[in-house]
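The values are calculated or read from the model by the stated rules, or taken from the named source; none is laboratory data. This structure is a prediction, so every number in the text was calculated from the model and none was measured. A quick note on method: Cβ atoms are made from the backbone with ideal geometry, for glycine too, and the neighbour counts reach across all protein chains shown.
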Amino acid sequence: MKTILKTFLILIVAISASIAQGFKVKASGDQTFNFEDKYGRNQASFFSTTPLEDITGITNDVKGKVTFNVADIKTLKGSVSISVATIKTGIDLRDEHLRSDNWLDAGTYPEVTFVIKKVSDVNVISDNKLEAKLTGDFSAHGVTKEIVADVTMTYLDASEQTKQRAPGDLLGVQAKFNIVLSDYDVENMIVGQKVADNIEISVNIVGSNAM
Amino acid sequence: MNNRQKIVLLIAAVLLLGVFTWWLASGGEVLSKDGIWVEKEMTELDKALGLKPELEFHEKFVLGLLPHTAVFSGAVIVISAILFFIFKTKKNKETK
């Protein structure tokens, strides 16, 4: 009976290990990556397109931490946030409107946050690169909605090259997802109908496990 | 229409044509902009990390239809109309 149980247990562990999708890199076990960059090189942007005008908004004030087992990306947990006050659209007056009470209300809700809940549809591209879908809670203007983001993650072992950016191993994350402004009780009228209700958000960030 | 009125109309037409040409050459944007987004050159490390080019804000005035072109055109039309009327009145007085 014991032998059968042992065999069964080994089989489960072996199957789990073969199903687990992650990075095949030097590091192992749980790793935590911090996305705070004092040089402001991380970037999050939104893009709105309407027949009247295309608008791009950018911020380099991106913070966050994620933790995952290197061998199993589905263990990924963490959050990323941006500061509303630092978003620039290229027009100072529009930036003021964006921060105003009727829009994103930077005073009351200073941050827009994405909290990761689940990783799915993992597609391993190479030993250090994979694509996945991240399901999580996106909070803006005091409203939280579940969204799904398409993400590409690249893991680089610490090297002379990576030291140029930050110490330790680096994790490059490129994410893209869409939100509907009206879902977040944002009054679109202040900036006029020049801003689309459907907004595309992109995140282009690098984290280090030595910060 | 006297010579002065003709000059006023000519200057107004040149100014309007000039500002609209400038607006079209600036990309025909609806709103004036204080700057533009430019893609930064990617380093080898950025490429290795799978990043896309970072956008950098460059301060540069881009003339838009609103408010600058519209306000300027409106001002040219109003001033031209006033001058046109003034010169017409003066000529009438001279005739009497």
Number of positions in region A:133-188 that are assigned to a loop (DSSP other than H, G, I, E, B) and either among the polar types (S, T, N, Q) or without any contact (Cβ under 8 Å) to a residue 40 or more places away in the chain (or both): 4
Region B:3-21 - residue that is under 9 Å from the mean Cα position of the chain (by Cα) and free of Cβ contacts under 8 Å to residues at least 12 places away in the same chain and, of those, surrounded by the most Cβ atoms within 10 Å (Cβ to Cβ): B:Gly18
Residues satisfying the stated conditions in region A:1-36, i.e. more than 16 Å from A:Asn69 (Cα to Cα) and modelled with pLDDT of 90 or more: A:Phe35, A:Glu36
Criterion: buried (at least 21 other Cβ atoms within 10 Å of the Cβ), at negative phi and of a type in the set (A, V, I, L, M, F, W, C) - qualifying residue of A:Val124, A:Val148, A:Val173: A:Val173
Wholly enclosed strands (runs of 3 or more DSSP E) of region A:36-118 bearing at least 2 residues more than 14 Å from chain B (Cβ to nearest Cβ): A:62-69, A:72-83
Filtered residues of region A:30-52 (kept if of a type outside the set (S, T, N, Q) and buried (at least 18 other Cβ atoms within 10 Å of the Cβ)): A:Phe33, A:Phe35, A:Asp37, A:Ala44, A:Phe46
Qualifying positions in region A:99-113 - surrounded by fewer than 17 Cβ atoms within 10 Å (Cβ to Cβ) and under 20 Å from A:Asp137 (Cβ atoms): A:Thr108, A:Tyr109, A:Pro110, A:Glu111
Residue within region B:22-43 that is out of contact with any His (no Cβ under 8 Å at 6 or more places or on another chain), exposed (fewer than 14 other Cβ atoms within 10 Å of the Cβ), among the small types (Gly, Ala, Ser) and at pLDDT 90 or above present: yes
Answer residue from region B:51-96, given it is surrounded by 13 or more Cβ atoms within 10 Å (Cβ to Cβ) and under 30 Å from A:Asp150 (Cβ atoms) and is modelled with the lowest pLDDT among those: B:Phe57
